[in-house]
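Single-structure report; data block below.
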Amino acid sequence: MPDMSSTFLGVGLQTWFTCGAIVLLIAIAHIALRWWSRRRSRRHLEEPQPPGESVTVRYWIARGLGDAVPPIAFMLWVHGLYFAVTLLLADFPETAWVSRGLAILGALRGIGTLLGLAWLLARIARTLEALLQTFASHTDANWDDVLLPFAGQALRLILPMLALILGAPALVVSDGAREIVQNAVSLALIGAIGYVLVQFVNAMAKLVLQRHRIDVADNREARGIYTQVTVLKKIAVGVIALFAIASMLMVFQPVRQLGTAMIASAGVAGIVIGFAAQKSLGTLLAGFQIAMTQPIRIDDVVIVEGEWGRIEEITLTYVVVRVWDLRRLVVPITYFIEKPFQNWTRTSADILGTVFLQVDYGVPVDALRGELTRILEASSNWDRKVNVLQVTDAKERTLELRALASSSDASKSWDLRCEMREKLVAFVQKNYPGSLPRVRTEIERVPRRGSAIPG
């Protein structure tokens, strides 16, 4: 047997054997973990699984442990190699480069621990997200299809942030570097929480909106809910962003002192800012008022500034109206609080369409009334509620007829009016051509030259 008191490269053989044993044990543990995880994965993925809750639980436990093997093995190597190398350096004489090497090893161990924890929690979060998505896909409820995937995404984001908090004390750094790391961790955590809250608001909005469709015929209630949810979601996201930014700024000591000084001297400045922001605050309050009282809703048909269109978008400061010719009319949101406008779908989408005709006194009105009935009964744009033809005026040379018919919405009413006008005029042209109004020419108005003039 070799003499354990002898040295090699200045280090005792006993120390070399101890370090080798440590590395060997780490390698054996790593190989054993990989073999176990592959065996469990092959057993659950390749073999058919009988139905049963216990089998499902065992499967997900085995999958989670299998996902945790690589980061666990990584941390075993980090700490094992650190312990082995420090044993070797301990046998060397205490010099500057030995002290520097030990410091570097401590820093590397802290960084490795931090990365290993982040890796471990990220893989666990990935397994939990897959579990939640699988559970949501096997249920008939709608809420879990939105909330459970959101919970999985939140876990994938928050758990690595938790690793930063747990692993930060393991870093062997100076006070200044530790403060930088702590500030970075705080900023990342605040940002992660803000992102998770925004995603939660989006998930809740999606959950509410998926129960109310606006692409159906009777969508008045759905459009009201859609408008409320859209505006409130934007308000909530704005508030979350404001508090997140403020919390990030308060992490730094100089900004926190500046904020304290600003609060102490906010007497006159607050009044000035209040007057300056009065219009902006009024705009925000108008957006909130529209979301609650709903004088307009998404997809409402409105007449604004003489333009016919539909409400396409409602924000906290402006409203976008899609005009019939695909132009976009951008209107300040305060317009719908301060000025009158027409809303054709405020209580329902039903609307009456009118067509005016100028005809001769000799036209049979009953015949036109019967023709109007035939036109409406053959049209798919008529909702079979209102069918009226009336004489609304008697002028010097013509009668004014008004045809009135109802439709389920404004678009069908426009098409129906054009159809009624075209076919009624064609009916009069074909059956009563002499009853159409005529325009007198200049020759008819001026007597011919040479004609007999009385007197």
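The values are calculated or read from the model by the stated rules, or taken from the named source; none is laboratory data. Only a predicted model underlies this, so the values are computations on that prediction, with no experimental measurement involved. Positions of Cβ are generated from backbone atoms using ideal geometry, with glycine treated the same way; all protein chains shown enter the neighbour counts.
Evaluated against (1) farther than 19 Å from V251 by Cβ; (2) out of contact with any helix residue (DSSP H, G or I) (no Cβ under 6 Å at 6 or more places or on another chain); (3) in a helix (DSSP H, G or I); (4) modelled with pLDDT under 75, D140 falls short on exactly one condition, (3). Looking at the structure I just gave you, is D360 among the acidic types (D, E), touching a residue at least 60 places away in the same chain (Cβ under 8 Å) and surrounded by 13 or more Cβ atoms within 10 Å (Cβ to Cβ)? So D360 passes the test. Pairs meeting the criteria (first residue in region 325-337 and surrounded by 11 or more Cβ atoms within 10 Å (Cβ to Cβ), second residue part of a helix (DSSP H, G or I) and aliphatic (A, V, I, L, M), beta carbons under 6 Å, at least 6 apart or on different chains) are I333/A286; T334/A286; I337/A286.
Scanning region 264-283 turns up no residue that is surrounded by 15 or more Cβ atoms within 10 Å (Cβ to Cβ), at pLDDT 90 or above and over 28 Å from K385 (Cβ atoms).
One residue stands out among those in region 298-316 that are more than 26 Å from the chain's Cα centre (by Cα) and among the charged types (D, E, K, R): the one that is surrounded by the most Cβ atoms within 10 Å (Cβ to Cβ), which is E307.
Listed by first and then second residue, the pairs linking a residue in region 69-84 that is assigned by TED's automatic domain parsing to the domain that holds I26 to a residue that is crowded, with 18+ Cβ neighbours inside 10 Å and basic (K, R), with Cβ atoms under 8 Å apart and 6 or more places separating them unless they lie on different chains, are P70/R123; P71/R123; V78/R109; H79/R109; Y82/R109.
Kindly establish whether A192 is surrounded by fewer than 14 Cβ atoms within 10 Å (Cβ to Cβ), among the aliphatic types (A, V, I, L, M) and either at pLDDT 75 or above or in contact with a Gly (Cβ under 7 Å, 6 or more places away or on another chain) (or both). The answer is no for A192. Residues in region 350-408 that are out of contact with any Leu (no Cβ under 9 Å at 6 or more places or on another chain) and among the hydrophobic types (A, V, I, L, M, F, W, C) were compared, and the one that is farthest from V425 (Cα to Cα) is I351. Among the candidates L416, L376, the residue that is assigned to a helix (DSSP H, G or I), modelled with pLDDT of 90 or more, closer than 24 Å to R346 by Cα and of a type outside the set (K, R) is uniquely L416.
Only residues that are among the polar types (S, T, N, Q) and surrounded by 16 or more Cβ atoms within 10 Å (Cβ to Cβ): list them for region 379-432, please. Scanning region 379-432 gives S379, N381, N387, T398, S406, S407, S408, S413.
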